[in-house]
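The values are calculated or read from the model by the stated rules, or taken from the named source; none is laboratory data. As the structure is a computational prediction, the values presented were derived from the model and not from experiment. We place every Cβ from the backbone using ideal geometry, glycine too, and count neighbours over all the protein chains shown.
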Amino acid sequence: MGLFSRKKTKFVDSDVLVIGGGMAGCGATYEARYWGRDLNVVCVEKANIERSGAVAQGLYAINTYMGMQWDENQPEDHVRYARNDLMGLVREDLGYDIARHVDSTVHKFEEWGLPMMRDPETGRYQREGKWQIMIHGESYKPIVAEAARKAATEIYNRIMVTHLLMDKSKENRVAGAVGFNVRTGDFYVFRAKAVIVAAGGASHIYKPRAVGEGMGRTWYAPWSSASAYALPIEVGAKMTQMENRIVLTRFKDGYGPVGAYFLHLKTYTENAYGNEYESTWYENTKELVGDYIDMHPVPTCLRNHALLEEVKAGRGPIRMVTKEAFQDPHKETVGWENFLGMTIGQAVVWASQNIDPKHTNPELTTSEPYVMGSHATCSGAWASGPEDVAPDDYQWGYNRMMTVDGLFGAGDTIGGAAHKFSSGSFSEGRIAAKAAVKYIKDMGKDQPQVSEQEYEDLKKVVFKPMENYEVGRNEIVGGTVSPSYILPIHGLQRLEKIMDEYVGGIGANYMTNGPLLNRGLELLEMLKEDMHHIGAEDLHQLQRAWELHHRVVASESVTHHTMFRTETRWPGYYYRGDHMKLDDDNWHCFTLSRFDRDSGEWAMEKAPVHHIID
Amino acid sequence: MPTFVYMTRCDGCGHCVDICPSDIMHIDKTYRRAVNIEPNFCWECYSCVKACPQNAIDVRGYADFAPLGHSVRVLREEEKNTVSWKLIFRDGTEKNFVSPIRTTEWGSIKSPSEYDAPTEDALASQELAHEPEFLNIDELPTLTRDKLTEGAR
């Protein structure tokens, strides 16, 4: 028996279990109740759904809204846009599906009380860009959380889910999840007929630019700990496009958003000497990617590429020209409220450094890479598509079901569908939940059973970091250096260093190659072994230990995928130095991986990209 | 720190502990007041600052890039449905902003179970809750077979 096996075990039975209470999770919880009136719907969240997930501090724009009621855009248009931005590779069925539903989601948000800005002339939602509408979204998350609370049978806050549970009788079927309460230390066994993973993508798998106190000011939330990927990976769900990490061009140090600046305020970039630079890299980029540079709008990664090349050529820093726009008091207000609504830290940086964009053109920089499925990138689980439009290759079960029976996903979790953002993630949660209800209704009496052996074994594993610390700390006088354990922060810093140096982080100018990736995998393997020796001095550190575990699993997946795709598909996100050009003949396809938990091996394969929209 | 707590204002109520998405606001065992135990995992999201009934929590920008002397304060008032900001630059420049946060009563959202129960046909369709009504168009779009360029079933 482990030292901490005396901890209480609590059992929670549900029909639909939603893991993660961010935008996707709240959407799933709401929709599960709508279709499953008599079902037991449980949502479990490691923080507090009132302010959890990537939208915790609010948003100033909803980035995915068609405006079909005014014939502004049609779902097909959004598919073309996302496809171009991702250099041709998206799951068009999934993207189409989100786009056709997203307007009803946004209209519901407005009914619930989300303040929408309106164009004074047309009365329509105020457009920031072709797809974006502007909101006063300080309370976006509390409003959405209220809807989820009304819908759920029970919300469990402050429970970190560590592993999924599989059915003991039927192979490849999910049966629930386990985790622990970060306040009480109670061990939780969630038994469920269907599980929807709506957890967060991955920040902090690459070394961030600030490594001191400011390491928390990453672009994506520091609590996005890759649970979206690790949970399904560890039960053998297939993943796709995990190499498709994203790098963001943002205001320096605060990573404040640039969308409203470019699109609404009409600010633009220039190099240190006041010159436009993007067009000067046209030929260089065309050499690498061919006609993709001629797409409109220019794909996000290629705009990054021009910025990176300009800085490498010695003409940085790149600045956003704000001085003209900010002379207009309305635009100045929009510029500031944009930060205060979603990236307050950028306002803090500017106040501290006396950067008033009315008088100073602020610096831009590129972030470290993040792995996620909801922004201008599409890493995540390989999921079955909508029945009416998904090609056969993309359809094996219920909509948004992964390759594990009963395991659904939404938001950052589901791969191939870029440009979901907040509204699309909520919509995908709704799509997944409706399908999960159907799955349960079709299930009949053949219900999944958890194995006592499995959750008892996991209980020991989950609390092992506390045991490691409890035992190991007696070996040393004090401090943080022990020969027997490393702390979660130690492991995190090692992970970030490996990924940065070997898998194309900022320290390597986003460059990697086969030999570097091989060495990276060797070091990751040793880190994985050392994860058995993580020491956690309390429950908070135990949460950090499991967040790190999830990050390590996701990082290994990212590295295998990056190795498999022997081309540079997205220059500006990362480069394969040994395969610098885009290679449509061989790589106009998805990369798929499957982790075998018994052997520890990763199997890689290609899957076709079907273009269902012209 | 990034967030920190003023000793004389905090009464140890724990609202910040309940709300922090990063689980870094804890109650100090000696002083019985809140403290940011892990500043390098703070996103400066201000969730705790907004939740504090005593206005006891403030932010000092990250030491590795934010010079001292600035202040970004917030007051979130649900009864007024506004959020108000006061920015003070290191050089003393001051800026103030006020935005609405909600247009309806807090707690007014209806549970989905308060709507008419959906039919079996609706469950079998591609429509989600409140569709097509909330799309504000006649019907949910789909792609007819002749529109699918590849992979048509």
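Residues in region A:568-614 that are crowded, with 20+ Cβ neighbours inside 10 Å and free of Cβ contacts under 8 Å to residues at least 60 places away in the same chain: A:587 alone.
Conditions tested, residue by residue: (1) at pLDDT 95 or above; (2) loosely packed, with under 15 Cβ neighbours inside 10 Å; (3) over 21 Å from the mean Cα position of the chain (by Cα).
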position	(1), (2), (3)
B:47	yes, no, no
B:83	yes, no, no
B:116	yes, yes, yes
B:126	yes, no, yes
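Answer with yes or no whether residue A:435 is small (Gly, Ala, Ser), touching a residue at least 24 places away in the same chain (Cβ under 8 Å) and part of a loop (DSSP other than H, G, I, E, B). It is false that residue A:435 is small (Gly, Ala, Ser), touching a residue at least 24 places away in the same chain (Cβ under 8 Å) and part of a loop (DSSP other than H, G, I, E, B). When A:399, A:338 are screened for being part of a loop (DSSP other than H, G, I, E, B) and within 14 Å of chain B (Cβ to nearest Cβ), only A:399 passes. Among the residues of region B:76-83, are any in contact with a helix residue (DSSP H, G or I) (Cβ under 8 Å, 6 or more places away or on another chain) and not polar (S, T, N, Q)? For region B:76-83, residues in contact with a helix residue (DSSP H, G or I) (Cβ under 8 Å, 6 or more places away or on another chain) and not polar (S, T, N, Q): present. As a summary of the residue check, residue A:330 satisfies the conditions (1) buried (at least 21 other Cβ atoms within 10 Å of the Cβ); (2) within 14 Å of another protein chain (Cβ to nearest Cβ) except for the one numbered (1).
If we only count strands (runs of 3 or more DSSP E) wholly inside region B:1-58, which ones have 3 or more residues that are within 23 Å of residue A:346 (Cα to Cα)?
On the way: elements: B:3-5, B:25-27, B:34-36.
By residue number, B:3-5.
Would you check if there is a residue in region A:199-210 being modelled with pLDDT under 95 and surrounded by fewer than 22 Cβ atoms within 10 Å (Cβ to Cβ)? Scanning region A:199-210, I find no residue that is modelled with pLDDT under 95 and surrounded by fewer than 22 Cβ atoms within 10 Å (Cβ to Cβ), so the answer is no. Scanning region B:38-67 for residues that are acidic (Asp, Glu) and more than 7 Å from chain A (Cβ to nearest Cβ) returns B:38, B:58. Please state which one of B:76, B:90 is out of contact with any Lys or Arg (no Cβ under 9 Å at 6 or more places or on another chain) and of a type in the set (D, E, K, R). Residue meeting the stated conditions: B:90.
Need at least 1 residues that are within 14 Å of chain B (Cβ to nearest Cβ) per element, so show me which helices (runs of 4 or more DSSP H) inside region A:505-614 make the cut, counting only ones lying wholly within it.
On the way: elements: A:514-530, A:539-564, A:584-587.
Per the criteria, A:539-564.
Pairs are defined by a Cβ separation below 6 Å, a sequence spacing of at least 6 or placement on different chains, a first member in region A:14-32 that is closer than 19 Å to residue A:165 by Cα, and a second member that is surrounded by fewer than 24 Cβ atoms within 10 Å (Cβ to Cβ) and polar (S, T, N, Q); the pairs so defined are A:14/A:40; A:15/A:40.
For the structure I just gave you, tell me whether residue A:216 is surrounded by fewer than 24 Cβ atoms within 10 Å (Cβ to Cβ), out of contact with any strand residue (DSSP E or B) (no Cβ under 8 Å at 6 or more places or on another chain) and outside the structural domain of residue A:456 (by TED's automatic domain parsing).
No; evaluated as a whole, the condition is false for this residue.
The residue that is nearest to residue A:383 (Cα to Cα), counting only those in region A:436-493 that are among the small types (Gly, Ala, Ser) and in contact with a Phe, Trp or Tyr (Cβ under 7 Å, 6 or more places away or on another chain), is A:436. Every condition in (1) away from every other protein chain (no Cβ under 13 Å); (2) among the aliphatic types (A, V, I, L, M); (3) touching a Ser or Thr at 6+ places or on another chain (Cβ under 6 Å) holds for residue A:82 except the one numbered (3).
Mind checking which strands (runs of 3 or more DSSP E) fall wholly inside region A:135-228 and carry at least 3 residues that are away from every other protein chain (no Cβ under 14 Å)?
On the way: elements: A:154-156, A:159-166, A:174-181, A:187-197.
Once the strands (runs of 3 or more DSSP E) in region A:135-228 are filtered for at least 3 residues that are away from every other protein chain (no Cβ under 14 Å), what remains is A:159-166, A:174-181, A:187-197.
Taken as a whole, region A:355-362 holds no residue that is assigned to a loop (DSSP other than H, G, I, E, B) and either closer than 23 Å to residue A:117 by Cα or under 26 Å from the mean Cα position of the chain (by Cα) (or both). Taking (1) in a helix (DSSP H, G or I); (2) surrounded by 12 or more Cβ atoms within 10 Å (Cβ to Cβ); (3) more than 8 Å from chain A (Cβ to nearest Cβ) in turn, residue B:73 satisfies each apart from (1). Got a number for residues in region A:565-586 being in contact with a strand residue (DSSP E or B) (Cβ under 8 Å, 6 or more places away or on another chain) and within 24 Å of residue A:94 (Cα to Cα)? The qualifying residues number 2.
In region A:281-293, how many residues are without any contact (Cβ under 8 Å) to a residue 12 or more places away in the chain and either small (Gly, Ala, Ser) or out of contact with any helix residue (DSSP H, G or I) (no Cβ under 8 Å at 6 or more places or on another chain) (or both)?
2
Taking (1) farther than 27 Å from residue B:49 by Cα; (2) within 12 Å of another protein chain (Cβ to nearest Cβ) in turn, residue A:58 satisfies each apart from (1).
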